[in-house]
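The values are calculated or read from the model by the stated rules, or taken from the named source; none is laboratory data. What you see is a predicted model, and the numbers here were worked out from it, not measured in a lab.
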Amino acid sequence: LELQTVQKELHIREDERGNTVVVGVREIVITSAEELLSILEMGNALRHTGVTGMNEHSSRSHAVLILQVNI
C-alpha cells in the first residue's frame with residue numbers, strides 16, 4: 001500500500017470467481033520479515049477514526065491485509 005493510496009476511497013468487492021478483492025490498492029512485493037513489519041507499521045499509523053451515526057468520536061477503524069505467499 002503506497003502512501004498516495006490512503007487518500008483514495010477503497011472498495012472491497014467480490015470478483016467473478018468469488019475472490020475477495022480490494023479495488024484501488026497497489027501490490028507491494030516484500031522479501032523479508034523486516035519489510036513486512038515496516039509496511040504493517042506504516043498502515044497502522046495511517047489508520048484514522050471518524051464520526052459514526054452512533055458515536056461522534058468513534059474509536060472504530062478498519063484494516064485489510066492480504067498476504068500471498070509464494071514458495
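Here are the numbers for this structure:
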read-out	value
Residue in the range 7-29 that is part of a helix (DSSP H, G or I), within 14 Å of the chain's Cα centre (by Cα) and modelled with pLDDT under 75 present	yes
Count of residues meeting criterion [in a loop (DSSP other than H, G, I, E, B), at pLDDT 70 or above and of a type in the set (D, E, K, R)] in the range 41-67	1
